[in-house]
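Contents: one structure, followed by commentary.
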Amino acid sequence: MIECLNFCDGKWQKPSGEEFHVTNPYNNEVIGKTRASTAKDLDNVVAAAAKAQLTWRECPMKERAQVLFRFREILLRDLYALNHDGLNEPGENKIARQISSECGKTLGEAQAEILKGIEVTEFALSLQNLDIGGSLEVSRGVFCEYRREPLGVVAGITPFNFPAMVPMWMIPIALALGNSFIWKPSDKTPLTSLLIADALAQAGLPRGVFSVVQGGRSTVEMILDHPQIAAIGFVGSTAVAKTIYQRASQNLKRVLALGGAKNHIFLMPDADFELTTRGVADSFTGCAGQRCMAASVLCAIASSAQEQAKIDKLIAGIVEQAKQISLACTNREYDTGNAKNERNANDERTMGAIISTDSLKRLETAIAKAKENGATIALDGRKPKVPPPFKNGNWLGPTILDHVKPGSHAAVEELFGPILSIIRCRSLDEALEIQNASVYGNAVSVFTQNGGVADYVARRGKAGMVGVNIGVPVPREPFSFGGIAASKFGQGDITGVHSLNLWSDVKKITTKWAVQKDTTWMG
Ligand code: NAD
């Protein structure tokens, strides 16, 4: 069993609060334990972080970037080892295995999230070239300049579903800008934090500049109230994001809190069959539906019998595609390190487990409730057959609910599982009205061959991120990631060019030297 500690001033320390366990969603075996951090634990971490930041902020950004280059290399070499011909072969995959075992996703999905974290790191280490400030002679002999300056000690609080990627949306950028960073990982998936902290230390990050505090709600509240923490990045459910935003703002901290989602896909009768059926099936089943960019509602739009026939064919194709997705436990032995099994684990047509027994029960109840509300079950993933070693795991196969009523539970609530709710609509405007009524605003996608329709959805969809024939429209760097409405509280985005103001101030310097003393604004 792994013991998950705090990382304070470059050393591992046992938190002093209440103990809790970490389980593997594949079989619910306990694989780790940790403790909540107390106020004293946090004070020690913040004191070390504040001291280290005074030196870190004085490093030119080019020097900070060198640490991030080495961090990126360590992550890459864990994923891929170079052979004698300089070609990539599978690496040890220590981080991906850890993610998979505590979070339940497949090894391939865990590798993909590390790659996305690496992409953000590449953006952060490019800041030395991208964000170089500016200077202009604004009057004769008078120069205005802007410089970006770090805030000091900042913190990130992250959810269970991306134990490496979501923290890496924040860590490299905040560090590149000269802050000390304190990470509070999810209490459900804290084990990956050990490996990320280790990689940063190996990369040569000075001690104290990066820290980890373990814990749940009580630790988060201490972070929000700590007077020396200047800014908070949060990613998690909307209910928690809202309270984080309110409490941190009340304490006059800068805060960006990303919340939950209920993403809609607009299915038009002219959609390309292959692109659409595969794209929609992968979107709602990837990470077992436990990602904030997953498709959740499919608005199937048909205004005539002819269009209805096309839509029915597309829906049948989506059901067929979803049927081909198998549960990861049925075609591999979990975490054996066996090469054959690993090949299976990398097969993108497998789906991992649900994070907890509570979440599984919640999803099963939601399916039953949808049926009571008049939906038909086009594909039922409940109680799948799993091999004996995984019998105690949290398994749910892809599930498709058809003829879901607008406004019903399955149509409006974030389910966060591999469930697609299909709402039949007679026009695109009707579908947009349904989507616009959602409290959330993370992502929306349209599947069509008509550019005008795609543009109409991009304009009218209530979402921060829009996909055209893409089921999971995650913007790639340097474009920034973030929703609107109840999917995000605060200004800017969490990655890319729109994230910089969360972790830094822009200082304006206006200069005039004695030699130009006779010049004036009016001169
Ligand atoms: P969560 O809100 O339960 O937990 C997120 C973090 O907050 C964790 O670190 C947890 O320890 C802490 N926390 C939990 N309850 C708290 C409370 N009452 N007070 C203070 N802190 C608390 O979220 P989760 O279940 O870990 O993650 C799934 C949710 O995250 C989904 O709603 C999903 O849509 C959302 N999510 C959003 C994005 C995005 O980019 N918008 C990305 C990933 C996940």
Self-check item: Spans of strands (runs of 3 or more DSSP E) in segment 425-523 with at least 2 residues touching a residue at least 12 places away in the same chain (Cβ under 8 Å) and within 16 Å of the ligand (Cβ to nearest atom)
Solution: 443-447, 465-468
Quiz item: Among the residues of segment 211-245, which ones are in contact (Cβ under 8 Å) with a residue 60 or more places away in the chain and within 18 Å of G483 (Cβ to Cβ)?
Solution: I232, G233, F234, V235, G236, S237, T238, A241, K242, I244, Y245
Quiz item: Is there a residue in segment 437-444 that is out of contact with any Cys (no Cβ under 8 Å at 6 or more places or on another chain) and either modelled with pLDDT under 95 or surrounded by fewer than 23 Cβ atoms within 10 Å (Cβ to Cβ) (or both)?
Solution: yes
Exercise. Being within 27 Å of the chain's Cα centre (by Cα) and of a type in the set (G, A, S) is the filter here, so list the residues in segment 21-49 that pass it.
Key: G32, A36, S37, A49
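Could we say that L107 is among the aliphatic types (A, V, I, L, M) and open to solvent by less than 40 Å² (accessible area, probe 1.4 Å) here?
Values: among the aliphatic types (A, V, I, L, M): yes; open to solvent by less than 40 Å² (accessible area, probe 1.4 Å): yes.
The answer is yes for L107.
Given segment 299-416, what helices (runs of 4 or more DSSP H) lie entirely inside it while holding 2 or more residues that are modelled with pLDDT of 95 or more, out of contact with any Ser or Thr (no Cβ under 6 Å at 6 or more places or on another chain) and closer than 20 Å to I99 by Cα?
Numbers: elements: 305-323, 339-346, 357-372, 409-412.
Of the helices (runs of 4 or more DSSP H) lying wholly inside segment 299-416, those with at least 2 residues that are modelled with pLDDT of 95 or more, out of contact with any Ser or Thr (no Cβ under 6 Å at 6 or more places or on another chain) and closer than 20 Å to I99 by Cα span 357-372.
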Practice problem: Output the residue which, of all residues in segment 143-162 that are closer than 22 Å to L42 by Cα and more than 9 Å from the ligand (Cβ to nearest atom), is most open to solvent (accessible area, probe 1.4 Å). | Solution: L151
Practice problem: List every residue pair whose Cβ atoms lie under 9 Å apart, where the two residues are 6 or more positions apart in sequence or sit on different chains, the first residue falls within segment 305-318 and is assigned by TED's automatic domain parsing to the domain that holds P269, and the second residue, located anywhere, is assigned to a helix (DSSP H, G or I) and among the basic types (K, R). | Solution: G317/R278; I318/R278
Quiz item: If a residue has to be buried (at least 17 other Cβ atoms within 10 Å of the Cβ), among the basic types (K, R) and under 30 Å from K512 (Cα atoms) to count, how many in segment 110-142 make the cut?
Solution: 0
Quiz item: When you go through (1) within 22 Å of S193 (Cβ to Cβ); (2) assigned to a loop (DSSP other than H, G, I, E, B) one by one for S101, which number turns out not to apply?
Solution: (2)
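The values are calculated or read from the model by the stated rules, or taken from the named source; none is laboratory data. Since the structure is predicted, the reported quantities are computational estimates derived from the model, not experimental observations. Every residue, glycine as well, gets a Cβ built from its backbone with ideal geometry; the counts of neighbours run over all protein chains shown. Just the protein is used for accessible areas: all its heavy atoms, side chains included, with ligands, DNA and RNA removed. Shrake-Rupley method; radii C 1.70, N 1.55, O 1.52, S 1.80 Å.
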